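Structure, as structure tokens:
The values are calculated or read from the model by the stated rules, or taken from the named source; none is laboratory data. Quick caveat: nothing in here was measured; it's all calculated off a predicted structure. Positions of Cβ are backbone-derived with ideal geometry, glycine not excepted, and every protein chain shown enters the neighbour counts.
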Amino acid sequence: MALQVHLELIPPADRPVEEEFCALLTEAGRIVSRMKTPDSRTTALLRRLRRNLSLLEKDEVREGLKREISTALEAGGIRVGMIQSITMVFVNMLMEGIELVYAEPGESIVLYLRCLSLEMLLRVRDVILSGLLLRVLSDAIKRFVESQPRVQLVVQEEDMNLSLLCLHIAAGLYISLLFDTNC
């Protein structure tokens, strides 16, 4: 199941710029996804996160993920000026268990985030509500567009509710959650 998240730029970017940014995010997502093999250093670092770690230990994992991802993005041909900000997008997403599947231009930039469990969907919600996802994506967009557009992160209530319903049906569990769009 993929949750759609919309990034709206104010003022809007030109369509070719949006298309290029979406292609960059999609390719970076593929690179990062290929890094998660059973015996990779990235997988070992992510396994460490499942333990009860101190803040210092979480910082060590974050630094390790930064090194691994930036090296992979550079080897994968991601533009040098974008590696740092794209690395931060994917480090933060990986640490929260979020996977970017695809990005496409539309009336806004649409991100498809994979949510395979209720726990993951709730983490996505928390990362959105905390503003973390918006902060790391805004930095990447501003660096890419080379201007200072205002960036809004929009999740349609019906997309969240549909995701919850699908997870409810798949799990055969009764789930009673409300997604408040006023948060």
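When the residues of the range 69-80 are filtered to those that are out of contact with any Asp or Glu (no Cβ under 9 Å at 6 or more places or on another chain) and either at pLDDT below 95 or farther than 23 Å from residue 47 by Cα (or both), the one that is surrounded by the most Cβ atoms within 10 Å (Cβ to Cβ) is 74.
Filtering the range 145-157 for residues that are modelled with pLDDT under 80, over 17 Å from the mean Cα position of the chain (by Cα) and not in a loop (DSSP other than H, G, I, E, B) leaves a non-empty set. The residues of the range 34-45 that are under 18 Å from residue 123 (Cβ atoms) and surrounded by 14 or more Cβ atoms within 10 Å (Cβ to Cβ) amount to a single one, 45.
Considering the range 46-68, and only residues there that are among the hydrophobic types (A, V, I, L, M, F, W, C) and more than 15 Å from residue 98 (Cα to Cα), the residue that is surrounded by the most Cβ atoms within 10 Å (Cβ to Cβ) turns out to be 61. Residue 129 meets the stated requirement of being within 24 Å of residue 12 (Cα to Cα), at pLDDT 50 or above and of a type outside the set (Val, Ile, Thr). On the stretch given as the range 97-109, residues that are modelled with pLDDT of 85 or more and surrounded by fewer than 17 Cβ atoms within 10 Å (Cβ to Cβ) total 3. Taking the criterion of being over 26 Å from residue 81 (Cα atoms) and not aliphatic (A, V, I, L, M), the residues of the range 117-151 that qualify are 117, 119, 123, 125, 126, 130.
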